[in-house]
Amino acid sequence: MSDNNWEPTPGDVIDNRYEVRSHLGEGGIAKVWEGYDQRTNEGVAIKHLRFDSDNYRRAKQTMEQMFRREIEALRGVQDAGGHPHIIELETATSVQGTQLAVVELVEGDELDDENLSVSVTEAREIARDLADAMAFLHRNEIILRDLKPDNAMIQSNGEPKLIDFNTAKEFDTTVTGTPTCPNCGRQLGTSDYVCPGCNEDLTGGMDTVVGSGARDTYKPPESTEDMAHLRQGPWSDVYSLGKILHYLLADDSAIPPKDGANPEDFNVSLRSSNEYLGEIVERATAEDYERRYSNANVFATVIENETPEPPQQARLVHDQTGRTYDISPGDTIGRQGAEGPAATITIDDPGDKNFISAVQVQLDTTGRDQWLLRDRSLNGTYVQNGNGWQRVLCEQGRRRLQNKGHDPTDRHGNVPPESLEINDGAVIKLVDTTYDVTFKFEEVA
């Protein structure tokens, strides 16, 4: 431990509430302690940066940024209502300058435990539950970017729990442009902890590739510097989900460092009734992200439906360019060039003033296969279903308008809904009815 960094020791009580009891473990970024909540009489886990790690010594500011990012991501999960397969944040605090995250204590085995063995049915259920958790993150504009076996645990009830969020990334609605090294000016797409040109410690908000050297088996091609021109998005987490499913099906077999690999081609035997799982893995881990399932919601659905074929699709036609986009439930539309993870469909903002958000809208379906548009923007979206324009505006957008002294209600005094059912032939206008971005929605039989 550095002389300048405080670390807890057994017996310490944090915030007059959380007693530190024992050291649980550590990774390349964080150290974890078992704690006890004296108010609720329940166990907790207490995390802080691992100050004696090579990662911290090599890139202190980046590690601190990643730890703050993890806390913010978990707060975002909490604000969205939480998810049963995502670890819960109890509180974040600071003691003598050391940031601490107090989280739910998860009892069970890490997914990479060498003694863990699961059946094909259990592998299917675990992958589906993890995909459901990832779909929840994607709906709330977060991609994990580092899903691998040691970032999830299997609880005593057999259900998984995501436990590590230090590489999570939110969709940035305001920043544009290509990040550059503050020291030498080199452009940085995805990058390591340090600039390849001058070894400067990188502390900015670019997509970060954790680690260096050969690509991790569970990471998609776009996470490497060579593929930095490809944006990371929900499809990046889909790749990792596919590799996780391969890992679970393979039991003790090695996972090949190969894109688009069917487990049956690598010593994994599946009954004919389960062959669809191998095909799902092959499609989810395709090198070309456009050949993968577009988001985790689709991945979860194909597992649930026991078929590698994506669920009900629809089509969007962009009036200004004539381009047609096939969409699946969970897909998003957003601004081209926005910093951070990309939306499924990205378009140029004609106003050149970032009026279109990084993620403007999400298209989804209800339980009865009715298509739904959810606004995710700061400025709102308009829908014409044949009966006049209806504004759709998320809660964050309403708060922004109110903070600027504007009235978010319509001319009848009604608060715009956050989501709206859309029908075949619906017209969608981003930002405003006069703004030059229009889509026509078409259902596909």
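The residues of the range 357-388 that are among the charged types (D, E, K, R) and not in a loop (DSSP other than H, G, I, E, B), listed by number, are Asp364, Arg374, Asp375.
A single member of Arg400, Arg391 is free of Cβ contacts under 8 Å to residues at least 40 places away in the same chain and assigned to a helix (DSSP H, G or I), and it is Arg400.
Name every residue in the range 246-268 that is small (Gly, Ala, Ser) and either outside any loop (DSSP other than H, G, I, E, B) or at pLDDT 90 or above (or both), in order of residue number. Listed by number, the residues that qualify are Ala250, Gly260, Ala261.
Residue count for the range 77-109 under the criterion of being at pLDDT below 95, surrounded by 18 or more Cβ atoms within 10 Å (Cβ to Cβ) and farther than 20 Å from Leu144 by Cα: the result is 1.
Per-residue answers, yes or no, for (1) assigned by TED's automatic domain parsing to the domain that holds Thr365; (2) out of contact with any strand residue (DSSP E or B) (no Cβ under 8 Å at 6 or more places or on another chain); (3) crowded, with 17+ Cβ neighbours inside 10 Å; (4) modelled with pLDDT of 50 or more:
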residue	(1), (2), (3), (4)
Ala131	no, yes, yes, yes
Ala135	no, yes, yes, yes
Ala152	no, no, yes, yes
Gly158	no, yes, no, yes
His229	no, yes, no, yes
Tyr239	no, yes, yes, yes
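I'm trying to understand the selection: among the residues of the range 325-356, which are farther than 23 Å from Ala284 by Cα, part of a strand (DSSP E or B) and β-branched (Val, Ile, Thr)? The answer is Ile347, and nothing else. Within the range 160-171, being surrounded by fewer than 20 Cβ atoms within 10 Å (Cβ to Cβ) and at pLDDT 90 or above holds for no residue.
Taking the listed residues Glu304, Glu309, Glu275, the one that is part of a loop (DSSP other than H, G, I, E, B) and either at pLDDT 90 or above or surrounded by 15 or more Cβ atoms within 10 Å (Cβ to Cβ) (or both) is Glu309, with no other qualifying. The residue of the range 137-150 that is farthest from Arg231 (Cα to Cα), among those that are touching a strand residue (DSSP E or B) at 6+ places or on another chain (Cβ under 7 Å) and acidic (Asp, Glu), is Asp150.
The values are calculated or read from the model by the stated rules, or taken from the named source; none is laboratory data. None of the values given here were measured: they were computed from a predicted structure. Backbone-built Cβ (ideal geometry, glycine too); neighbour counts: all protein chains shown.
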